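K.L.:
Before we start, here is the structure in question, set down as structure tokens.
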Amino acid sequence: MHQEQERIEKIIAGDMRAFQALVEDYQRLVCHVVFRMVHNEEDREEICQDVFVKVYQNLSKFEQKSKLSTWIGRIAYNTCINYLKKKKVPLYEDLAPAESGESGSSPNKESYLDRVPGGAKLADETVSDKEMYKFLHEEIAQLPVQYRAILTLYHMDDLSYQEIGEIMSLPDGTVKSYLFRARKLLKERIIEKYPAEELW
Amino acid sequence: MVTDKRDEHLSEAQLQAYLDKDAALDRKWADKHLGNCPHCRQALSTYKQLYRGLADEAGFMLSANFVNSVTARVEAEKNYRFDHLENGLMVLLGLVALASILVFTDWSSALMEYFRSGSISLVPSFVKDLPLLSEGRWHLVLFALLALSAVGLVDKMLVQMRHR
Ligand SMILES: [Zn+2]
């Protein structure tokens with residue numbers, strides 16, 4: 001914490017090397033948030049840059065009330081939200097209800113199955129992690145933006161419910177319940193796609 | 001959410017709590033149940049795979065020169081802001097200098113002289129009237145302002161040269 005303060009002071013004083021070190025330390029976090037929230041590949045890197053330009057310009061306003069990672073995460077999240085608003089992407093959707101065990105074909109489910117070439121695999125085929133992850137990334141991309149952000153911050157950046165709540169201005173309980181619902185839904189998707197026998 | 005139901009399978013919430021290492025879950029009970037229940041072991045294994053997939057960073061890559069690109073943009077925006085500040089300051093200095101000249105030179109009599117004589121001798125009359133200035137200490141202020149403007153200009157030229 002003390003080192004962090006020292007670094008911030010150096011950056012405010014104009015030390016670009018200190019700033020570069022900060023970018024190196026937090027680029028993963030920013031990249032995770034932006035890449036997960038923004039689908040347009042051409043814009044992603046520039047948005048990541050925007051985030052760090054904002055970090056630089058506002059660093060003197062950073063109060064040590066929260067962790068620097070949370071503060072930077074918040075800037076990244078808000079930058080993406082503003083971008084999506086500009087692009088008129090619907091922001092506050094909810095999860096499509098996923099009733100497991102029912103084979104009723106909601107329009108949602110149909111379009112989902114249409115997107116999966118070949119449908120379910122044969123039981124004797126094994127699924128490589130890589131293939132599974134690819135499928136999963138595609139499924140995550142279909143989730144509402146808040147769910148994507150929460151999954152990413154929790155599983156990629158190991159942030160706590162409280163830290164994620166600070167970043168997204170949500171109560172801890174909401175973060176926890178969104179996380180639970182998203183993972184339950186994704187688990188059901190995995191089971192639909194890959195019959196249980198082939199998972200290990 | 002994570003209460004024990006001794007006789008039942010682990011709920012979805014309990015399975016997730018198990019992998020989240022949630023302290024609210026009775027881990028001893030869960031371990032014992034998992035040891036005896038292939039159904040829950042299977043569900044847990046699916047969740048484990050999901051968790052691994054959620055932490056998978058494939059495709060999350062910034063270009064190799066990302067840090068340099070950001071630094072360049074920050075520098076450019078700093079210079080842009082600085083340029084504006086500097087330009088503004090220099091315009092202000094110019095206005096102050098002009099105002100000082102207007103207030104402290106005898107420009108009205110110079111103008112009168114101009115209208116009276118009908119000649120274009122405005123500039124010489126200014127020069128003639130300039131000594132009026134040196135009666136106060138305003139010539140020092142004017143000199144300082146001009147010197148500052150000159151320093152500003154040189155500084156700007158140097159910065160621009162360095163960037164080229
Ligand atoms: Zn069980």
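K.L.:
Quick one: grab the alpha carbon gyration tensor of the stretch B:12-54, order the square roots of its eigenvalues as a ≥ b ≥ c, and give me rounded if a/c is under 1.5, else prolate or oblate depending on whether a/b is larger than b/c.
P.N.:
Oblate, because a/c is 1.5 or more while a/b does not exceed b/c.
K.L.:
How many Cβ atoms of partner chains, on average, are near each residue of B:14-21 if near means within 10 Å of its Cβ?
P.N.:
Per residue, the average neighbour count from other chains is 2.
K.L.:
Using only the Cα atoms of the stretch A:2-86, each taken as one equal point scatterer with no solvent, compute I(q) by the Debye sum, divide by I(0), and report log10 of the ratio at q = 0.12, 0.13, 0.25 Å⁻¹.
P.N.:
Each listed q corresponds, in turn, to -0.34, -0.40, -1.26.
K.L.:
For each pair in A:Lys187/B:Lys28; A:Lys130/B:Lys48; A:Lys67/A:Lys88; A:Lys87/A:Lys184, compute the distance between the two Cα atoms and list the pairs where it is over 22 Å.
P.N.:
A:Lys187/B:Lys28; A:Lys67/A:Lys88; A:Lys87/A:Lys184
K.L.:
Using the per-residue mean of other Cβ atoms lying within 10 Å as a proxy for protection, in what order, highest first, do the peptides A:43-49, B:85-91 fall?
P.N.:
A:43-49, B:85-91
K.L.:
Another question, if that's okay. Taking R0 as 25 Å, what FRET efficiency do you get between B:Leu148 and B:Glu77 from their Cβ-Cβ distance, rounded to the nearest 0.05?
P.N.:
0.45
K.L.:
How far, in nm, would the chain grow between B:Arg52 and B:Lys21 when pulled straight, counting 0.36 nm per residue and subtracting the alpha carbon separation? Each step should come with its number before you reach the end.
P.N.:
Working: separation 31, 0.36 × 31 = 11.16 nm, distance 1.50 nm.
That pair, B:Arg52 and B:Lys21, stretches by 9.7 nm at full extension.
K.L.:
I need the phi-derived Karplus couplings for the stretch A:139-146: 6.51 cos²θ - 1.76 cosθ + 1.60, θ = phi - 60°, integer Hz, Gly and Pro marked x.
P.N.:
Karplus values, whole Hz, x for Gly and Pro: 5, 4, 4, 7, 6, x, 4, 5.
K.L.:
Okay, moving on. Could you go through the stretch A:155-170 in sequence order and give the Karplus-derived ³J(HN,Hα) for each residue, using 6.51 cos²θ - 1.76 cosθ + 1.60 with θ = phi - 60°, rounded to whole Hz, and x for Gly and Pro?
P.N.:
Values, residue by residue: 8, 9, 10, 6, 7, 7, 3, 5, 5, 5, x, 5, 5, 9, 6, 10 Hz.
K.L.:
May I ask you to give the average projected area over all directions of the convex hull of the Cα atoms of the stretch A:131-173, in nm² rounded to one decimal?
P.N.:
One quarter of the hull surface, i.e. the mean projection, equals 3.2 nm².
K.L.:
A further question follows. Pop out the carbon and sulfur fraction of the accessible area of the stretch A:135-176 as a percent, whole number, probe 1.4 Å.
P.N.:
Details: 650 of 1380 Å².
Percent of accessible area from carbon and sulfur atoms in the stretch A:135-176: 47.
K.L.:
Show me you know the interface measure: the accessible area buried between A and B, both chains summed, probe 1.4 Å, in Å² to the nearest 100.
P.N.:
Buried area between the two chains comes out at roughly 3900 Å².
K.L.:
Follow-up question, since we're still on this one. Rounded, prolate or oblate: pick one for the stretch B:30-90, where a ≥ b ≥ c are the square roots of the eigenvalues of its C-alpha gyration tensor, a/c under 1.5 means rounded, and failing that, prolate if a/b is larger than b/c, else oblate. Numbers along the way, then the final one.
P.N.:
Values: a/c = 9.12, a/b = 4.42, b/c = 2.06.
It comes out prolate by the Cα gyration axes.
K.L.:
What percent do you get for the relative contact order of the stretch A:2-86 when only Cα pairs under 8 Å and 6+ apart count?
P.N.:
34 percent
K.L.:
Can you give the accessible area of B:Phe82 in Å² (nearest 10), computed on protein heavy atoms with a 1.4 Å probe?
P.N.:
100 Å²
The values are calculated or read from the model by the stated rules, or taken from the named source; none is laboratory data. A quick note: this is a predicted structure, and the numbers were derived from the prediction, not measured. Note that we place each Cβ from the backbone using ideal geometry, even for glycine, and neighbour counts take in every protein chain shown. Ligands, DNA and RNA are stripped out before the accessible areas are found, and what is left, the full protein with its side chains, is counted by its heavy atoms. Shrake-Rupley method; radii C 1.70, N 1.55, O 1.52, S 1.80 Å.
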